[in-house]
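The next block holds one structure in the form of structure tokens; read it before the comments.
Derivation of every value follows stated rules applied to the coordinates shown; laboratory data play no part. It should be emphasised that the depicted structure is a prediction, and the values quoted were computed from it without experimental measurement. Because the Cβ atoms are built from the backbone with ideal geometry, glycine has one as well, and the counts that use them run over all protein chains shown.
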Amino acid sequence: MKKILIAIAAASAITATGIASAQCSFHEAHGYGTADRNVLTQMPTRAGFIRTGSYQKTQAAQPDIVDTAVAAGSFNTLVQAVQAAGLVETLKGDGPYTVFAPTDEAFAKLPPGTLEALLNDKAMLTKVLTYHVVPGKLDAKAVTSMSKLATVEGSYLPVASIDISSTDIMTSNGVIHVVNEVLIPQS
């Protein structure tokens, strides 16, 4: 009788361990990360240990500036211009960058033929686009505390002249502030 009880206890422990392992595989496959196993504990039994506890959903990686702009759906012209200028890899890089991102409506406000001319002149397009980019991750509070910002383009962007409609869209490599106009460098 004692051997039967030991065999039942061992089978129960093996089954419980198998279920816990299957649960781990299932949870990991559905976005519950292995880093979250620290919330699990092992429960001693006569036949060994079984896992008990719960899983916590891991945070998805935050998208970069380009992926955030694409996902928003209101920066299609900006994304097209960034691609035409060959700046995608830069804006997907480590950064950090602060981007003053004009919406599609902002590009539509340009005089007729201006966008087409920019898309056909890579050097000028790059100059205009990099005028919208500031090195560093500056939230709205930091931006408004300055009178001008040094842009990647090389000149200064006067803060008072920027018509910002939305701020602090955080990305993995910087921050986006939505602007209602295409900013043109003075030089």
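I want the local charge near Val88. Using Cβ-Cβ distances under 15 Å, sum +1 for each Lys or Arg and -1 for each Asp or Glu among the other residues.
My count for the surroundings of Val88 gives -2.
Taking 8 Å as the Cα distance limit and 6 or more residues as the minimum spacing, I'd like the relative contact order of segment 54-177 as a percentage.
On the way: 175 pairs, mean separation 38.4, N = 124.
Averaging sequence separation for qualifying contacts and normalising by length gives 31 percent for segment 54-177.
Summing +1 for each Lys or Arg and -1 for each Asp or Glu, what net charge is found among the other residues whose Cβ lies under 12 Å from the Cβ of Val70?
In short, -1.
Tally Lys/Arg at +1 and Asp/Glu at -1 over every other residue whose Cβ is under 14 Å from the Cβ of Asn173; what's the total?
Net local charge, Asn173 excluded: -2.
Need one word for segment 65-179: rounded, prolate or oblate. Basis is the Cα gyration tensor (sqrt eigenvalues a ≥ b ≥ c); a/c below 1.5 gives rounded, then a/b vs b/c decides.
Note, shape of segment 65-179 comes out rounded.
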